[in-house]
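Here's the structure we're looking at; comments come further down.
What follows draws every value from the coordinates through simple rules; no lab data is involved. Just so it is clear, the model here is predicted, and its values are computed rather than measured. Ideal geometry is used to build each Cβ from the backbone, glycine not excepted, and the neighbour counts take in all protein chains shown.
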Amino acid sequence: MSQYKPLSTYQLASYGAPAMPLSMVALPLAVYLTPVYADSAGFGLSLAFVGLMLALSRVFDGLTDPVVGFISDRIRTRWGRRKPFVLIGMPIFMAGVWLLWIPPIEFAEVTWLGLTFNTGYPYLLGALVILYIGATIQDVPYSAWGAELARDYNERTLVMSWKEAFTVSGSLIGALCPAIIVFWGYTKPADNVYFLTVGLVIVMPFLVFNLLKSVPEYPVKETNTKRLPLKESFKYVWANEPYRKLVIIFLFSTIGSAMTNSLSFFFVKHVLLAGDLYGFYLAPYFLSQIVAIPLWFKLSAKIGKHRATMVAIFWYALWSCFIPLIAMAPQIWFEAFELSKTLAFLPDSWLLGLNERFEGIPTGKFAFFIGVMCLKGSAIGALSALPYAMAADVIDLDSARTGKRQGGAYFSIWTMTRKLAYAAGLIVGTTAATIVGFNSLADPINAPNSDYSLLWLACLYSIVPAIFKFVAMPLLWNYSLTEEKLAEIQEEIDASKAVTT
């Protein structure tokens, strides 16, 4: 009799819920870190060097993933393999977040061994390393745990869809926060991350403790009790062809995502001239992701996860093509979309306050941009949830070959690859923007960047990332691990267990 039981709605929600505070950090880390540390309204550091510190911390972060994954696969405690790591990583993670966004020191220029540099750079690197250590200890076992909660092809998608729904919900909270506090006069990215950090420290412990209490971690049953050395373990992992394809696919996809995230604030501020409205863009963007997730789940159940992912990539790329066109078009084309006109149904007193608050800001182009981004953003949930569900499937293929349950090894390589790819994307995005002449510290109104650099910024923000995602299309077209193939593999695993018991 199978140990796996269908999870209740409460258990599904309890598993997915800790992803919410994690994404409350992930959003500002992705889109606010460069504005906070490299914008004139923040700490005023160099965009290129901030990108370098981010990349170095990501490299270190990626190298720790296999270690944590390997240990969590092999450890045996009375509480399970995954739960102790989730608990230990939480306080380290929260400390890193607090140090990153609420520095206890003032940054200044110093000279050491004949070199003059700003103390903000080593501080940023140190805070990120602490944050990433806590995140790795917590997230790799957490993801592997989710892959082990279900065996059914579509139920795995459901588990990851719940996780992705809470992930996007956390991102939505992160997006709504600046859109709300702006009415109290808080418009700087540093203000946004302060309130999000306080919220994280309050909410995260409750959700993690509920996860540990409410969600089962099934006992490990392996047909091969021999311990595999680290090198041999990862050799089996890389020999798994569907998994290898997944890693390559989403390596390129993550590079594109890193470019988009690191440049999004600067695109809104310098190209759309609406930096103070940045929070208003994030909220509907992530809301569109939440609304679309059930649709992608139904599509994946009908045509398969890999083909649904192909559709999502095409949909994402289609709307990305419109972004440079919006950037080049004159403001007068978008007068019909001015907030004072699109929100004319609001009470007069509200409209008066809105017009006063955003006087001088060209809101028409920005509002049109939001519409396009909602269509584009509706694909993001699929590009996150479906790959994780596909990764859970390939672990069964490994179990059939090795007799082991190596979810930690698989997800550690998965996250390591994504983090290293993200580091590469950060370097590519911020360095390329600098090469084309973009200056993040320039005044977008009184001393704007050149039209040439702004057009390139728009392409680096949208077109180039879409091209990176298109690398996945031929690999996904011939993806072999379908629902029918997975059922055959699981029957093989069950037969092996029956022989050994």
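Here are the numbers:
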quantity: Amide hydrogen neighbours beyond the local backbone of ILE102, cut-off 5 Å, H modeled; calculated: none
quantity: From phi via Karplus (6.51, -1.76, 1.60), per-residue ³J(HN,Hα) for the stretch 303-318 in Hz, x at Gly/Pro; calculated: 10, x, 5, 5, 6, 4, 5, 4, 4, 5, 5, 4, 4, 4, 5, 4
quantity: Cα-centred dipole magnitude for the stretch 74-181, charges only on beta-carbon of K, R (+1) and D, E (-1), debye, nearest 20; calculated: 720
quantity: Per-residue Cβ neighbour rank within 10 angstrom, fewest leading, TRP414, TRP315, TRP296; calculated: TRP315, TRP414, TRP296
quantity: Where labels lie 7 Å past Cα in the beta-carbon direction, separation of ASP152 and MET328 in nm; calculated: 5.0
quantity: Which of TYR123, TYR15, TYR10 has the fewest Cβ neighbours within 10 Å, and the rest in rising order; calculated: TYR10, TYR123, TYR15
quantity: Full-extension gain in nm, PHE470 to GLU106, via 0.36 nm per residue minus C-alpha separation; calculated: 126.7 nm
quantity: Packing-based exposure ordering (other Cβ within 10 Å, fewest first) of THR434, THR136, THR254; calculated: THR434, THR254, THR136
quantity: Additional length obtainable on full extension of the chain from TYR10 to ILE88, 0.36 nm per residue less Cα span; calculated: 25.7 nm
quantity: Extension gain from SER450 to LEU352, taking 0.36 nm per residue of separation minus the Cα-Cα distance; calculated: 31.9 nm
quantity: Cleavage-rule hits (chymotrypsin sites (Phe, Trp or Tyr not before Pro)) in the stretch 428-482: DSSP loop, at most 14 neighbouring Cβ within 10 angstrom; calculated: none
quantity: Subset of LYS419/LYS469; LYS163/LYS302; LYS302/LYS485 violating a 19 Å alpha-carbon distance limit; calculated: LYS163/LYS302
quantity: Integer Hz, Karplus 6.51/-1.76/1.60 couplings in order for the stretch 256-273, x for Gly and Pro; calculated: x, 5, 5, 5, 4, 5, 6, 10, 4, 4, 5, 5, 5, 6, 9, 8, 8, 6
quantity: Inter-part distance where the stretch 48-101 and the stretch 435-462 are each reduced to a Cα centre, Å; calculated: 35
